Amino acid sequence: MLIRALIVLLVVLNLGTAAWWLTRPAPVPAPEPDLPAGVARLQLVDEPAQVTTPSVSAPVASPAPVALCFSLGPYTSETAATRAQAAVAGQLRQARLREVPRISASGYQVVIPPAASLEDAQAVAARIGAAGFDDFLVVRQGEQANGIALGRYRSREAAERRLAQLQAAGFAAQLQPVGRAGPGLWWLDAGVADGIDAVAIARAASSSAPQPLECTALR
């Protein structure tokens, strides 16, 4: 009887040990020790590499292109022109300040302001000739280099008639007095996107009516 009891006890102990082994919780791995700064962690050959997915930034919308150019002013000082530029800066795609000497007028000339290059000026001159106008000249030297002279007149009325004809044909002609130079006047040359109201910008910049300007002059 004693031997049988011992055998039964051993069987029970073995069954209990087997049940504990099968139902025991999985061992928790020990945390990896902190490595000194600048020391890379060793990686086993068969250990999967950690792949870092690069972040994809949202596309940045490109600004609207310049569709219309004009001159605002005149302003009696650079400070006034700078203040006007700051007042409308958020609506302009391109801008520059330009000083024109004030003249005690003995006559008037009609011009197109200087373009960015001689080639641009010659291209505008070709368009003027194709539109049926004559008496114009591409200026190659001096302060008005790469501009286009469109005639000089003794009376303002005659100059304004010439100016109106050119502007009606789509050319950014301007009227300038001829005579003795005095304190300069300042202009704000501006380029805006399509759909922007140039007259509203002129009011915000304390300017007279905006004068047409070839956009090549702002390049």
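The values are calculated or read from the model by the stated rules, or taken from the named source; none is laboratory data. Keep in mind the model is a prediction, meaning the values are calculated, not measured. Note: ideal-geometry Cβ built from the backbone for every residue, glycine included; neighbour counts use all protein chains shown.
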Inset, instruction - Would you check which residues across the stretch 161-194 are surrounded by fewer than 16 Cβ atoms within 10 Å (Cβ to Cβ), of a type in the set (D, E, K, R) and more than 18 Å from Val100 (Cβ to Cβ) and list them? - result: Arg161, Asp194
Legend entry - Residues that are at pLDDT below 95, of a type in the set (A, V, I, L, M, F, W, C) and surrounded by fewer than 14 Cβ atoms within 10 Å (Cβ to Cβ), drawn from the stretch 200-219: Ala209
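Please enumerate the residues belonging to the stretch 106-131 that are over 28 Å from the mean Cα position of the chain (by Cα) and in contact (Cβ under 8 Å) with a residue 24 or more places away in the chain.
First pass over the stretch 106-131, keeping only residues over 28 Å from the mean Cα position of the chain (by Cα): 106-111, 125-131.
Result: Ser106, Gly107, Tyr108, Gln109, Val110, Val111, Arg127, Ile128, Ala131.
Between Ala58, Ala84, Ala95, which is part of a strand (DSSP E or B) and either at pLDDT 95 or above or out of contact with any Leu (no Cβ under 6 Å at 6 or more places or on another chain) (or both)?
Details: Ala58 fails: part of a strand (DSSP E or B); Ala84 fails: part of a strand (DSSP E or B).
Every option except Ala95 fails the conditions.
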Legend entry - Residue list for the stretch 159-204, filter: without any contact (Cβ under 8 Å) to a residue 12 or more places away in the chain and of a type in the set (A, V, I, L, M): Ala164, Ala168, Val199, Ala200
Legend entry - Positions within the stretch 142-153 being part of a loop (DSSP other than H, G, I, E, B), modelled with pLDDT of 90 or more and either in contact with an Asp or Glu (Cβ under 9 Å, 6 or more places away or on another chain) or surrounded by fewer than 18 Cβ atoms within 10 Å (Cβ to Cβ) (or both), in sequence order: Ala145, Asn146
Legend entry - Matching residues in the stretch 77-116 - criterion: being surrounded by fewer than 16 Cβ atoms within 10 Å (Cβ to Cβ) and β-branched (Val, Ile, Thr): Thr79, Thr82
Inset, instruction - Considering only the stretch 192-219, state which residues are aliphatic (A, V, I, L, M) and assigned to a loop (DSSP other than H, G, I, E, B). - result: Ala193, Ile196, Ala205, Ala209, Leu213
Legend entry - the stretch 117-133, residues that are assigned to a helix (DSSP H, G or I), small (Gly, Ala, Ser) and either out of contact with any Pro (no Cβ under 8 Å at 6 or more places or on another chain) or surrounded by fewer than 17 Cβ atoms within 10 Å (Cβ to Cβ) (or both): Ala123, Ala125, Ala126, Gly129, Ala130
Inset, instruction - Collect the residues in the stretch 98-109 that are at pLDDT 80 or above and either of a type in the set (Lys, Arg) or not in a strand (DSSP E or B) (or both), keeping them in residue-number order. - result: Arg98
